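To keep things clear, I will list the structure first and then write my remarks on it.
The values are calculated or read from the model by the stated rules, or taken from the named source; none is laboratory data. The structure displayed is predicted, hence computed values, not measured ones. Every residue, glycine among them, receives a Cβ derived from its backbone with ideal geometry; neighbour counts consider all protein chains shown.
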Amino acid sequence: MIRILHFIDSLSAWFGKAFAWCIVILTFSTVYEVFVRYVLNAPTVWAFDMSVQMYGALFMMAGAYALSQDAHVRGDVLYRLMPTRVQASVDLALYILFLAPGALALIYYGYHFAADSWFYKEVSWSSPSRIQIYFFKTLIPVSGVLVLLQGVAESVRCVICLRTGAFPDRLHDVQETESMLMHEQEDLKVAEN
């Protein structure tokens, strides 16, 4: 079972890291736009659409990755004080009540949005460049599938925790410095005891 969970985690990580390159594209296009607009006095017609599409793609496709790394924002003032099994039961309830219906809505409605967009070969109406956006609308149901798949993996983790009293290990990836220091302190306390 752990191998399946790690496979789903690695799939989410692959998509998250692949779409993280949108930041590089977004940065270069913004720098280029600022340069040509203010230095050369020749603004582009495509920069706004490019930034919206790149940021949207990044945001949609990074959701499953963030979930796989347990990196979503949560109000853990009380949560972190709860016993592990209570945390697992709260997480499981929230995954079933909120994450699953939200992901299913992304898949169902996103599929119809994307299908209509592909049928009409939809272009952006918000700028004169009229870029094609049906490619980007396809990311809506794709991200829903990835989030749902990762949500199933997280729910299985909760069930394992309810049975054993401990969450199964995750695949390790980059972490914020604050998290790394916190884990180092916990390891030192365990080593001293």
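Could you list all residues from region 65-82 that are part of a loop (DSSP other than H, G, I, E, B) and over 10 Å from the mean Cα position of the chain (by Cα)? Within region 65-82, 70, 73, 74, 75, 80, 81, 82 meet the criteria. Considering (1) under 23 Å from the mean Cα position of the chain (by Cα); (2) on the phi > 0 side of the Ramachandran plot, the lone condition that residue 50 does not fulfil carries the number (2). Looking at 93, 191, 103, 166, just one residue is of a type outside the set (Lys, Arg), in a helix (DSSP H, G or I) and in contact with a Ser or Thr (Cβ under 9 Å, 6 or more places away or on another chain), and that residue is 103. Scanning region 44-93 for residues that are of a type in the set (Ser, Thr, Tyr) and without any contact (Cβ under 8 Å) to a residue 12 or more places away in the chain turns up just one, 79.
Of all residues being without any contact (Cβ under 8 Å) to a residue 24 or more places away in the chain and assigned to a helix (DSSP H, G or I) in region 14-31, which is nearest to residue 63 (Cα to Cα)? Just the residue, please. Looking at residues that are without any contact (Cβ under 8 Å) to a residue 24 or more places away in the chain and assigned to a helix (DSSP H, G or I), I get 14. Of the numbered criteria (1) part of a helix (DSSP H, G or I); (2) under 30 Å from residue 25 (Cα atoms), the one residue 128 fails is (1). Would you confirm whether or not region 44-54 contains a residue that is loosely packed, with under 12 Cβ neighbours inside 10 Å and in a helix (DSSP H, G or I)? No: region 44-54 contains no residue that is loosely packed, with under 12 Cβ neighbours inside 10 Å and in a helix (DSSP H, G or I). Set side by side, the residues 88, 93, 62, 114 differ, and just one is more than 16 Å from the chain's Cα centre (by Cα), among the small types (Gly, Ala, Ser) and within 30 Å of residue 44 (Cβ to Cβ), which is 114. Against the condition among the β-branched types (Val, Ile, Thr) and either within 25 Å of residue 55 (Cα to Cα) or assigned to a strand (DSSP E or B) (or both), how does residue 86 come out, does it pass? No: the conditions fail for residue 86. Output yes when any residue across region 15-30 is among the basic types (Lys, Arg) and either surrounded by 17 or more Cβ atoms within 10 Å (Cβ to Cβ) or farther than 24 Å from residue 182 by Cα (or both), and no when none is. Within region 15-30, one or more residues are among the basic types (Lys, Arg) and either surrounded by 17 or more Cβ atoms within 10 Å (Cβ to Cβ) or farther than 24 Å from residue 182 by Cα (or both). Take residue 34 and decide whether it is of a type outside the set (Lys, Arg) and either within 30 Å of residue 88 (Cα to Cα) or assigned to a helix (DSSP H, G or I) (or both). The answer is yes for residue 34.
Right, residue 75: surrounded by fewer than 17 Cβ atoms within 10 Å (Cβ to Cβ) and either modelled with pLDDT under 95 or touching a helix residue (DSSP H, G or I) at 6+ places or on another chain (Cβ under 9 Å) (or both) or not? It would help to see each step written out before you state the result.
On the way: surrounded by fewer than 17 Cβ atoms within 10 Å (Cβ to Cβ): yes; either modelled with pLDDT under 95 or touching a helix residue (DSSP H, G or I) at 6+ places or on another chain (Cβ under 9 Å) (or both): yes.
Yes, satisfied.
For region 127-161, the set of residues classified as in contact with a helix residue (DSSP H, G or I) (Cβ under 7 Å, 6 or more places away or on another chain) and more than 21 Å from residue 10 (Cα to Cα) consists of 127, 129, 131, 133, 134, 136, 137, 138, listed by residue number. With the structure loaded, tell me whether residue 121 is modelled with pLDDT under 95, under 21 Å from residue 52 (Cα atoms), surrounded by 14 or more Cβ atoms within 10 Å (Cβ to Cβ) and among the charged types (D, E, K, R) or whether it fails that test. No: the conditions fail for residue 121.
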